[in-house]
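Asker: Before I ask anything, here is the structure I am working with.
The values are calculated or read from the model by the stated rules, or taken from the named source; none is laboratory data. Keep in mind that what you see is a predicted model, and the values were worked out from it rather than measured. Positions of Cβ are backbone-derived with ideal geometry, glycine not excepted, and every protein chain shown enters the neighbour counts. Surface accessibility is based on the protein's heavy atoms, side chains included, excluding ligands, DNA and RNA. Shrake-Rupley method; radii C 1.70, N 1.55, O 1.52, S 1.80 Å.
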Amino acid sequence: HPLQVLLIFAKEDNQSNGFWWACDRAGYRCNIAWTPESALECFLDKHQEIIVIDHRNSRYFDAEDICRSIRAVEPSEHTVILAVVPRISADQEETSVLPLLDAGFDRQFMENSSVTACYNELVQIEHGEVRSQFKLRACNAVFTALDHCQEAVEITSEDHVIQYVNPAFEQMMGYCKGELIGKELTELPKSDKNCADLLDNINTFIKKGKEWQGVYYARRKSGDSIQQHVKITPVIGQGGKIRHFVSLKRLHCTNENNKQVLYFFHVIIFIAFKSNSYKCKNRRKDSVDVKSITSQSSDAPSLQTRRYSSMARIHSMTIEAPITKVINIINAAQENSPITVAEALDRVLEILRTTELYSPQLGTKDEDPHTSDLVGGLMTDGLRRLSGNEYVFSKNVNLSHSHLPVPNTINDVPPCIAQLLDNEETWDFNIFELEAVTNKRPLVYLGLKVFARFGVSEFLNCSEVTLRAWLQVIEANYHSSNSYHNSTHAADVLHATAFFLGKERVKGSLDHLDEVAALIAATIHDVDHPGRTNSFLCNAGSELAVLYNDTAVLESHHTALAFQLTTKDSKCNIFKNIDRNRYRTLRQAIIDMVLATEMTKHFEHVNKFVNSINKPMAPEETSPHSEGSDTECTANIKNFPDNQTLIKRMMIKCADVANPCRPLELCIEWAGRISEEYFAQTDEEKRQGLPVVMPVFDRNTCSIPKSQISFIDYFITDMFDAWDAFAHLPVLMQHLANNYKHWKTLDDLKCKSLRLPSEN
């Protein structure tokens, strides 16, 4: 609705006319009152958002009395009142605004009858105080919801002084609100059924900014002890410090309720499995960004804080399959259930986690064409054309490896390259510098260094000469003409994979065979990539699309060609000396990881990882006795090969799209390269008359910042939250937050390029 403005002037003059025409220009509804009585009557009728009172001459009326009378009525709580004061001469000293503030005014306006000056003042008030008041008004809806919520809600200050309780809390505890507000929690009687150190453990948790939940005995006003399920959430406020604690409490479910609870589970599971109406939630709108809150704090967050930050977001992922909700409900039901029921539910969870029920049903994203095009281009197999035009690979497979000069051993490397490779174990390693000094052949050099560090030759029982020849053949079959999908990208993914394998929890969860498979998969995962998407190949009717039935076309080709190249020539066959069973196991692991980089099953892989890895580990993460539990966690994972598979898939997926988590300059370079490749695809689709898979990637109109924001929002954030919660990656998460801020800044300034013009 248009803003409403009330002008209170004793008589019409240039100043009143100036505000009147300013309201007209701004599209506001304006009323004018000439007396205090008519002003109050008009305000009680219209509830205007802005009131302008003439304070230049007290001969006609007392402006401060009018302001006080308006402030005395309830609707004025969210109204901004402006005092028009007389202009002062240059030799006069400006008077204090405190008397105006004491009378109830919010601002003063120095007399100026210019319509533009009045317009500017009103527009600034709208964009500042008025919008803030709108948000405060919305709090009424929040408190109405709290008042009708069935869960007991208690809000305290950082010093545990009670500031709010809802009716459900009053009913549960037997107190009236007036008996609790302003009291410290320590003043209320405690139940003697809790463990002696429980309160200390809770305080230790929440003071560190971690959410605590568990079972707690509370004493009602009548003296009875009741068992509650409590969740206490710290709320960050001014200065990046904890300013409030929000407690949600409900009566703890007793064993007598189990039959009824299980009945409802059957109903819920049935509904979830049958429902076809589940849609993705709208991404990132009106949600609190945990990273932005963290980055604003003056204190650098600790590793533990980041771990719990990511773990907390795992439980509220914005893209969630129906089956995930079912698993959450069953997990909650297992708490304090009889052993027979808990075991039965364990069996249910085991079955659910091994079925193909994890992919969300994606809704349309018409309101965001960048996201829509990314989903269409990366997660579908294209639109079948009827013309029969075919897109055929023009590049011949390159089996030669004799014409490329490479070192005989890892120790025989040029000093400039060796110096760069000394830094390859750090996340901020600059792959583009290696690309430059190796003449666009970084994969061989980085591969030799990384494979030596992980003992790949020893595991495969092959010589370093064979390994070098294999790396040379693989790199020769990457297309250096691609701006993005070339051997530099492969080397970058290999580097990220090696970095992840070095993290303690990842290392402890995988066997040596898994590590070797992951490094080989990273090396070959995009070999012979044509610089076009699967959708393009399907639409063009390419030979590969026909061969692989429009399903995971490129990923199937990468693995098939890599094994072809490897086994065709004994000089580069790194598998020739391992026994058949080990080869089959290794080959299957490599194929599985490369196929996991195909995006149509992105959300399935992420949801499976969250449900099978993150959530079972969450109780140990949040336990006060979690120190030293990593060994137990990884031991449990090793007992379940399916979990190791999920970790390997998640690892290579994160390595494949880790560009937004790289240092800003590297992130910008990668964004430019992938955009150029998508631009080239759009150009070719238009030339060939093919369906344009990603219309926003038109080099003349595309906003690269918008495309990066959509990609991070839709694909990256949830996945890296899950991976960070497992692998503990604070450096990556900080880079991600910084890079997102960079793209948002460019987008807010309507800049479509990689940098601000002043930075180019």
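Asker: What is the calculated FRET efficiency for D569 to E665, with r their C-beta to C-beta distance and R₀ = 35 Å, to the nearest 0.05? Spell out each step's value before the answer.
Answerer: On the way: r = 39 Å, r/R0 = 1.12.
Efficiency, rounded to the nearest 0.05: 0.35.
Asker: I've got another one for you. From the Cα gyration tensor of segment 688-760, with a ≥ b ≥ c the square roots of its eigenvalues, which class applies: rounded if a/c is under 1.5, or else prolate if a/b is larger than b/c, or else oblate? The partial results should precede the final answer.
Answerer: On the way: a/c = 3.37, a/b = 1.43, b/c = 2.35.
Oblate shape, in that a/c is at least 1.5 and b/c is the bigger or equal ratio.
Asker: What list of ³J(HN,Hα) couplings, whole Hz, do you get for segment 528-533 from phi and the Karplus terms 6.51, -1.76, 1.60, once you set θ to phi - 60° and write x for glycine and proline?
Answerer: Taking θ as phi minus 60°, the curve returns 6, 5, x, x, 9, 7 Hz for segment 528-533.
Asker: Using 1/(1 + (r/R0)^6) with R0 = 35 angstrom and r between the beta carbons of Q227 and L98, what's the FRET efficiency to the nearest 0.05? List each step's numbers first, then the result.
Answerer: On the way: r = 54 Å, r/R0 = 1.54.
Here the calculated transfer efficiency is 0.05.
Asker: How would I590, I226 line up by accessible area, probe 1.4 Å, largest first?
Answerer: Working: I590 0, I226 25 Å².
My answer, sorted largest first, is I226, I590.
Asker: Rounded to whole Å and sorted largest first, what semi-axes of the equivalent ellipsoid does the C-alpha gyration tensor of segment 22-120 yield via the square root of 5 times each eigenvalue?
Answerer: 22, 18, 12
Asker: Related question: So, in nm, how far is label D159 from label K741 when the simple model puts each one 7 Å beyond its Cα toward the Cβ?
Answerer: 3.2
Asker: While we're on this one: Gap in Å between the Cα centre of segment 69-84 and the Cα centre of segment 435-494?
Answerer: 71
Asker: So what are the ³J(HN,Hα) numbers for segment 497-511, from phi and the Karplus equation (6.51, -1.76, 1.60; θ = phi - 60°), rounded to whole Hz, Gly and Pro as x?
Answerer: Each residue's phi maps through the Karplus curve to give 4, 5, 4, 5, 5, x, 6, 4, 5, 5, 4, x, 8, 10, 8 Hz.
Asker: Still on this structure, please answer the following. Within segment 8-83, list the GluC sites (Glu not before Pro) lying in a DSSP loop whose Cβ has at most 14 other Cβ atoms in a 10 Å radius.
Answerer: Working: sites: E12, E37, E41, E49, E64, E77; in loops: E12, E49.
Listed in order of number, the matching sites are E12.
Asker: Whole Å is fine, so just give me how far the alpha carbon centre of segment 1-26 lies from that of segment 152-215.
Answerer: Value for the Cα centre distance between the two parts: 51 Å.
Asker: Still on this structure, please answer the following. Restricted to Cα positions, what overall size does segment 149-251 have along the principal axes? Three whole-Å values, descending.
Answerer: Here the Cα extents, ordered largest to smallest, are 40, 30, 25 Å.
Asker: Moving on to the next point. How much accessible surface area, in Å² rounded to 10, belongs to the heavy atoms of C139 with a 1.4 Å probe?
Answerer: For C139, the solvent-accessible surface is approximately 50 Å².
Asker: Next up: How much length is gained if the chain between S113 and R243 is pulled fully straight, taking 0.36 nm per residue apart and subtracting their Cα-Cα distance, in nm to one decimal? Walk me through the numbers on the way to the answer.
Answerer: Values: separation 130, 0.36 × 130 = 46.80 nm, distance 4.46 nm.
My answer for the length gained is 42.3 nm.
Asker: Given Cα positions, please report Rg to Rh for segment 67-222, the hydrodynamic radius being the Kirkwood one. Present the calculation step by step, with values, prior to reporting the outcome.
Answerer: On the way: Rg = 24.1 Å, Rh = 20.4 Å.
Ratio of gyration radius to Kirkwood radius: 1.18.
Asker: Could you calculate the contour length gain from E433 to R587, that is, 0.36 nm times the residue separation minus the distance between their Cα atoms, to one decimal place in nm?
Answerer: Numbers: separation 154, 0.36 × 154 = 55.44 nm, distance 3.24 nm.
Between E433 and R587, full extension yields an extra 52.2 nm.
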